[in-house]
Number of protein chains: 2
Amino acid sequence: MRGAVLHGPKDLRFEEREMPSVIKPTDAILRISATCVCGSDLWPYRGIQKIAQPTPMGHEYCGIVEKVGSAVRTVKPGQFVIGSFFASDNTCPHCHAGYQTSCQQREFVTTAQAPILRVPLADGTLVAAPEVPPDDLVPSLLTLSDVMGTGWFAADAAGVKPGSTVAVVGDGAVGLLGVLSAKQIGAGRIIAMSRHESRQKLAKEFGATDIVTERGDDGVARIKELTKGIGADSVLECVGTQESMMQAIRSTRPGGGIGYVGVPHGVELDGEQLFFSHVHLHGGPAPVRRYLPELINLVWERKINPGKVFDLVLPLDQVAEGYRAMDERRAIKTLLRP
Amino acid sequence: MRGAVLHGPKDLRFEEREMPSVIKPTDAILRISATCVCGSDLWPYRGIQKIAQPTPMGHEYCGIVEKVGSAVRTVKPGQFVIGSFFASDNTCPHCHAGYQTSCQQREFVTTAQAPILRVPLADGTLVAAPEVPPDDLVPSLLTLSDVMGTGWFAADAAGVKPGSTVAVVGDGAVGLLGVLSAKQIGAGRIIAMSRHESRQKLAKEFGATDIVTERGDDGVARIKELTKGIGADSVLECVGTQESMMQAIRSTRPGGGIGYVGVPHGVELDGEQLFFSHVHLHGGPAPVRRYLPELINLVWERKINPGKVFDLVLPLDQVAEGYRAMDERRAIKTLLRP
C-alpha cells in the first residue's frame, strides 16, 4: 500500500507503507473513501514542528469498514463510518463528560492519508452514517472527522448563542467552518477576519455578515468600532499564534467567551491582562466525537454543506501537491481520493 | 479626619487626610460602620506593587449614607448601604452583562480605611440593606463589599454546581469564603488546600470535606488521588501566583472550570499546556455588585455567616497593627471600626 510520508520540511512523499491490519480486538480496518490535508499538518510540513524520522501523515478520514476485531460491537463491515482524529473509548469519565479528545485511552490517528486505515477503539471512535452516502455528501461527511467538528467546538466553547455577535479570527478551513457553525447556532452578526478574497467569499456564503481585513491593534479597533465599543460576545480563535490569541482576547467583551482551537505555537498569556479582560477562555483539541451524531444528521439532511471548504480535489497519489497548494495558500483545503 | 495612608513598604500610618465631600452630583458620602484590610492591600504594603507617593488605602466598606449629590435617586441619607470596591454606573453594556467591575465609567474605591468615604456613581454602586442592621450582622455585610463577593464569583466562574467536586487553592479570606460559596451552591465535595491549622478549621466550618496540605506537584497528585485520577470539576484559584495558577489548572478535570480571582502577579500561562488541559478559565476582578442583592438577603436571613473570616477586630486608629497581623499571617483578616 502506498500512502503519505513526511521526510522533512516540504518533503512529503507518496510511498510504500505497511498494510494496516487488526492488531487489537478493539480495532477496525477502513477502506478510505476520502481523506484530506489539515492546517495542522502544515506545522511539521513547514518544519516548525520537528519530526524525528520519516512520518506517515493524516488524521481526517471516512470510509467503509472492511474488517473489525473480535471485541468490536457497534460498527460492522460494509458500513460507512466517520471517526475523530483522536481515537477514544467513549466510556471513561472524560469521554462521559464530552471530552473524548482527553480520553484516558486516547490515541492520535496519524496514518489516514492512505487507502487503508487502522482505527483503534473502533466502538468508541467511529460513528456510522445512516447508509453508504451518495458521492456528493462524502466531502461534507469527511469534514466531521476534524475540521467541521473543530469549528463547531470553537463556536460552542465561545458560548455562541442565537442572536449573539461573533468574531472569527483565522480564515483557514477551521475559521470558515467556525463561521458556518455560528450561523447554524443562530448568531445574529458574524464578523470574519480575512484578507483573502476567495476566503472572504466563502465566509459570506457560510453566513458572515461583516469582513474585517485589519489585524493586530487595527483589527481589534475595527471589531470595537463594529460593536459600539463593546467587543464581540464570542470570538473564535482558529489560528494558534500569539498575535491571533491576543487579537481574540482583546476583541471580546467583558464576560464574553473565546473558543480557541488553533493548536498554540509559542503562545504565552499574560495573567494580569487576561484577568482584567474578564473573558471566558475555553478550547483545546476539539472533542468532535461528541458532535458526530448531530453533525452527521445535519449533513445528511443537507442543512449544512461544510464540504465547500475543499477547493482542491486530488487523487491521493498527488498528496504532495495537496500540501504545496495549502502551504502556498493556493488552496484552502485539499481533499484526497484514494 | 484621620485615615490609613501607605508611605512605603511596611510603613502604614494613621494620619490626617482630607475630609471627603460631594464632588459630583452622582456621589454619596458615607459614615463608615466598618472597613477592613484586604489581602490585595498586602501587595503594595509588602512593596511588591510599587506606589509613587503616600497613598490612602482601603476599598471594602459599609456604612450609613450621610449625604448624596443632587442626581442620586436610589439611596438616601440614613440608609445602611454596602458597595463594591469598584464604583460602577450599573447602566452601561458591561454592567448590564453583569460585569460591573468592567463598567465603562468604573472608578476604583481607594480611600475606605477612614471614618468618612466618598462613593462615586452612588446609584449604580451602593445597595441598601432592608434596614440599619443589628451590630452582629455588620461584619458579614462588610464582606459583601469585596471578599465574600469575590469568593462567590470564584465559585460561579468555576461553574460550581450542586453535587460537584470543588478544590480551593488558597486559604486566605477569599479562599475560605470560596469554600463557603461552594457549600452554599451545593457542592458535594469541597477540598480546601491549606497548611494552617486555624484556616483548616474555618474551612471545615464553612463546608470543606477534605483538607490537602501539599502544594505544587504533590498537591496536584493529592487532588487526583482524591478524585480517582480525574481531577476536580471546579477549582477556585484565590492566590494569584504562577504556582497557584498552575496548581489550579493541573487539578481540574478536562472540561472542568477554574474561577481565578487572585490578582495575578507575574503569572504567564503556556498556551499549549492550557490548550491540552481542556479547562474552562474565567475570572477577573469580581463583579460583586451583581451579587449584592442576593448575598445581602442570605446574610440578612442568617443563612451564611461570612463575617467569621474576621479573626481580628481593631479600632481604626490601630490599622497599622491590622496590616502587620495579616502580613505575618497572625490574622486571616482584620476588621476595623472607626
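Points to keep in mind about this one:
- Filter result (under 16 Å from the mean Cα position of the chain (by Cα) and either within 7 Å of another protein chain (Cβ to nearest Cβ) or among the aliphatic types (A, V, I, L, M) (or both)) within region B:286-298: B:A286, B:V288, B:L292, B:L295, B:I296
- Selection status of B:S164, of a type in the set (S, T, Y) and in the same structural domain as B:L176 (by TED's automatic domain parsing): yes
- Close pairs (7 angstrom Cβ cut-off, 6 or more residues apart or separate chains): in the same structural domain as B:V179 (by TED's automatic domain parsing) in region B:234-254, of a type in the set (S, T, N, Q) and assigned to a loop (DSSP other than H, G, I, E, B) anywhere: B:S234/B:S164
- Only one entry of B:G188, B:G229, B:G256 meets the criterion of being touching a Ser or Thr at 6+ places or on another chain (Cβ under 7 Å) and under 20 Å from A:C92 (Cβ atoms), and that entry is B:G256.
- Residue within region A:170-184 that is among the β-branched types (V, I, T) and not assigned by TED's automatic domain parsing to the domain that holds A:D41 present: yes
- Condition check for A:G255: at pLDDT 95 or above, at the interface with another protein chain (Cβ under 7 Å from one of its Cβ atoms) and more than 20 Å from B:G266 (Cα to Cα): yes
- Meeting the requirement of 1 or more residues that are in contact (Cβ under 8 Å) with a residue 12 or more places away in the chain and of a type in the set (G, A, S), the strands (runs of 3 or more DSSP E) wholly within region B:1-63 are B:2-8, B:28-36.
- Residue in region A:45-60 that is within 14 Å of chain B (Cβ to nearest Cβ), modelled with pLDDT under 95 and buried (at least 19 other Cβ atoms within 10 Å of the Cβ) present: no
- Subset of region A:212-233 that is of a type outside the set (D, E, K, R) and farther than 13 Å from A:A192 by Cβ - its residue that is modelled with the lowest pLDDT: A:G216
- Annotation: of all residues in region B:39-84 being of a type in the set (F, W, Y) and out of contact with any Phe, Trp or Tyr (no Cβ under 7 Å at 6 or more places or on another chain), the one that is nearest to B:M326 (Cα to Cα) is B:W43.
- Within region A:114-167, being under 19 Å from A:L292 (Cα atoms), part of a loop (DSSP other than H, G, I, E, B) and in contact with an Asp or Glu (Cβ under 7 Å, 6 or more places away or on another chain) holds for A:P120, A:L121, A:S145, A:D146.
- Single residue of region B:93-128 satisfying the filter (among the hydroxyl-bearing types (S, T, Y) and away from every other protein chain (no Cβ under 14 Å)) that is nearest to A:F275 (Cα to Cα): B:T110
- Pairing each residue of region B:263-283 that is within 7 Å of chain A (Cβ to nearest Cβ) and closer than 15 Å to A:P285 by Cα with any residue that is assigned to a loop (DSSP other than H, G, I, E, B) and aromatic (F, W, Y), provided the two are 6+ apart or on different chains, yields C-beta distances under 8 Å for B:H278/A:Y99.
A quick yes/no check of all residues on (1) touching a helix residue (DSSP H, G or I) at 6+ places or on another chain (Cβ under 8 Å); (2) in a helix (DSSP H, G or I); (3) buried (at least 22 other Cβ atoms within 10 Å of the Cβ):
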site: B:V220; (1), (2), (3): yes, yes, no
site: B:E225; (1), (2), (3): no, yes, no
site: B:G229; (1), (2), (3): no, no, no
site: B:F275; (1), (2), (3): no, yes, no
site: B:P285; (1), (2), (3): yes, no, yes
site: B:K303; (1), (2), (3): yes, no, no
site: B:Q318; (1), (2), (3): no, yes, no
site: B:G322; (1), (2), (3): no, yes, yes
site: B:A325; (1), (2), (3): no, yes, no
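The values are calculated or read from the model by the stated rules, or taken from the named source; none is laboratory data. Predicted model only: the values in this text are computed from it and were never measured. As a convention, Cβ positions derive from the backbone with ideal geometry for all residues, glycine included, and neighbour counts pool all protein chains shown.
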